[in-house]
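To start, the structure itself, in structure tokens.
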Amino acid sequence: MQCREFREIADSYLGNELIVETNHEVISHLEHCPECRGELAARRELRSQLRQAFIKAPENQLRPEFARQVRTQLHDYALGKCGAPVVSARGRRSFVAVRRTSWLALAACLVLATVIGLVLVRQRFSAPKQPPTQEIARNAETPSYSPELNPGIPVNLVKTELAKSAVGDHRDCAIHFRLAEKPIDLEVAGRRYDPVYINLTKAVLSQGSIPLDAEFVEAHSCVFEGRRFAHIILRYHGHLVSFLVTDTADSGEKKQSTPPTVAQPQVIACSQFDGYQVSCFQTAHHAVFVVSDMPEGDNLALTRALAPSVCAHISRTESAT
């Protein structure tokens with residue numbers, strides 16, 4: 001793909017409108033073209049500014065006088081100040097009461113529909129653009145990548161199914177505590193399942209790698225939909241952050257006989273699912289994900305801060321086993 005071709009479809013790429021094959025061509029081009037990565041970032045920022053301008057536009061706000069008028073009308077209907085007067089005959093009283101109740105219900109429905117409509121419109125344009133639920137399966141093969149690469153081994157993993165599983169584990173373990181299988185101690189899991197898990201917490205929390213305002217919450221190993229993760233939970237800038245490590249051999253990848261030494265891992269903002277940002281990198285046999293609801297830049301910065309010490313720990317363990 002040439003730069004000219006990328007510029008023609010960049011907006012469609014940001015809108016998740018491309019087919020799988022074209023998406024892969026764009027991703028491959030962005031990995032090797034810093035100029036197009038910069039243009040993609042600028043277009044993403046422009047879209048964000050336009051979205052915020054629409055949300056804050058005066059014509060999209062609920063007018064105070066309209067709300068007051070509706071409240072007054074509802075109050076008058078409730079007190080019987082509107083409609084025909086009530087006469088002494090029982091049938092007439094019943095008719096007026098029914099009519100008053102009907103008008104009151106209709107007015108309430110109109111107000112409720114108006115408020116809900118405005119709220120949905122604001123949420124639609126304030127939330128980051130995400131694929132609807134029914135399209136998650138399709139978009140699982142066409143993630144929205146934001147490659148921002150450092151020198152290192154190629155990021156050929158970050159398979160969308162792994163990133164999606166990482167998001168599911170963060171959501172169901174760190175946020176909602178609803179995993180089917182109870183988590184176990186990370187060191188125990190290291191002895192039973194994967195030696196990389198042993199001392200992984202120390203690598204994450206090593207001095208000089210973790211930011212000073214990041215707070216350790218807990219560490220364990222858990223299973224989401226059959227995939228085992230090392231799961232270290234942090235609190236950063238008021239957000240829960242999941243640091244997740246999993247063996248890529250479980251995805252059917254063939255292990256190399258001699259793992260390469262990785263001095264500097266590639267760290268990318270690899271995808272977004274269900275409103276969660278995912279940054280990731282890989283070693284010879286493991287995929288590492290950082291998942292949170294922070295802005296993409298903050299999530300990526302935290303991942304880059306943790307990556308060197310964690311990558312060194314995992315690579316040493318892989319070489320020794």
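Take the residues of segment 204-229 that are assigned to a loop (DSSP other than H, G, I, E, B) and open to solvent by less than 50 Å² (accessible area, probe 1.4 Å): which is modelled with the lowest pLDDT?
The selected residue is Ser209.
Evaluate the following for Ala307: is it of a type in the set (Gly, Ala, Ser), under 17 Å from Val196 (Cβ atoms), modelled with pLDDT of 90 or more and in contact with a Lys or Arg (Cβ under 9 Å, 6 or more places away or on another chain)?
When the stated conditions are applied, Ala307 does not pass them.
Output the residues belonging to segment 262-304 that are aliphatic (A, V, I, L, M), at pLDDT 90 or above and crowded, with 23+ Cβ neighbours inside 10 Å.
Val278, Ala287, Val288, Val290, Val291, Leu302
Considering only segment 198-208, state which residues are farther than 11 Å from Val245 by Cβ and more than 25 Å from the chain's Cα centre (by Cα).
Ile198, Asn199, Lys202, Ser206, Gln207, Gly208
Give Pro211, Pro195 a once-over and let me know the one that is farther than 18 Å from His285 by Cβ and over 20 Å from the mean Cα position of the chain (by Cα).
Pro211
Output the number of residues of segment 162-203 satisfying the condition of being open to solvent by 60 Å² or more (accessible area, probe 1.4 Å), in contact with a strand residue (DSSP E or B) (Cβ under 9 Å, 6 or more places away or on another chain) and not hydrophobic (A, V, I, L, M, F, W, C).
Total satisfying the criteria: 6.
Residue by residue through segment 235-247, note down the ones that are touching a residue at least 60 places away in the same chain (Cβ under 8 Å) and either crowded, with 19+ Cβ neighbours inside 10 Å or closer than 23 Å to Ile314 by Cα (or both).
Tyr236, Val241, Ser242, Phe243, Leu244, Val245, Thr246
Inside segment 1-80, counting only helices (runs of 4 or more DSSP H) that do not spill past its ends, which hold 2 or more residues that are at pLDDT 80 or above and surrounded by fewer than 12 Cβ atoms within 10 Å (Cβ to Cβ)?
In segment 1-80, 3-14, 34-56, 64-79 are the helices (runs of 4 or more DSSP H) which contain 2 or more residues that are at pLDDT 80 or above and surrounded by fewer than 12 Cβ atoms within 10 Å (Cβ to Cβ).
Would you be able to tell me the number of residues in segment 186-234 that are in contact (Cβ under 8 Å) with a residue 60 or more places away in the chain and on the phi > 0 side of the Ramachandran plot?
Count: 3.
The values are calculated or read from the model by the stated rules, or taken from the named source; none is laboratory data. Fair warning: this is a prediction, and the values are worked out from it, not measured in the lab. Heads up, the Cβs are rebuilt from the backbone with ideal geometry, glycines too, and the neighbour counts pull from every protein chain shown. Side chains included, ligands, DNA and RNA excluded: accessible areas come from the protein's heavy atoms. Shrake-Rupley method; radii C 1.70, N 1.55, O 1.52, S 1.80 Å.
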